[in-house]
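Here's the structure we're looking at; comments come further down.
The values are calculated or read from the model by the stated rules, or taken from the named source; none is laboratory data. The structure displayed is predicted, hence computed values, not measured ones. Note that we place each Cβ from the backbone using ideal geometry, even for glycine, and neighbour counts take in every protein chain shown.
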Amino acid sequence: MFNVVTKPTFTRDVPVSVPSGDSFKEESLKATYSVLSDTDRDAFDLATTEDVKAFLREIIVSLDDLADENGQPVTYSPAILEDLLGLGYVRLALLTTYTRAQVKAVTGN
């Protein structure tokens, strides 16, 4: 049986490669996403930074496992999302994780 859900959501761990010195360090956060229909998704030109940001604003429900520079917990807010969307490596990680989850769902793996 297939359950028809009008506004599906899912949560994934998002690995983020954070530039550090002459290399990078692996960190992660948890994102809850809302699934967009193909029609809604196609309204965004994911080749432009502004549309990627707009797309992520549309699909991200919340972010968890966030901390400040001192390791203190940070509560998710629209302002925190905007700060994170201003970082290319975070945008790429969020978009990649969403896309991989969608492809895996379509292929049934």
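Restricting attention to segment 28-56, which residues are at pLDDT 95 or above, of a type outside the set (S, T, N, Q) and not in a loop (DSSP other than H, G, I, E, B)?
Leu29, Lys30, Ala31, Tyr33, Glu50, Asp51, Val52, Lys53, Ala54, Phe55, Leu56
State which residue is farthest from Ser17 (Cα to Cα) when the search covers only segment 80-109 and only residues that are surrounded by fewer than 16 Cβ atoms within 10 Å (Cβ to Cβ) and within 10 Å of the chain's Cα centre (by Cα).
Thr99
For residues that are part of a strand (DSSP E or B), among the small types (Gly, Ala, Ser) and free of Cβ contacts under 8 Å to residues at least 40 places away in the same chain, scanning just segment 1-27, find the one that is surrounded by the most Cβ atoms within 10 Å (Cβ to Cβ).
Per the stated criteria, the residue is Ser20.
Check segment 62-79 and report whether any residue there is assigned to a helix (DSSP H, G or I) and surrounded by 14 or more Cβ atoms within 10 Å (Cβ to Cβ).
The answer is no, given that none of the residues of segment 62-79 is assigned to a helix (DSSP H, G or I) and surrounded by 14 or more Cβ atoms within 10 Å (Cβ to Cβ).
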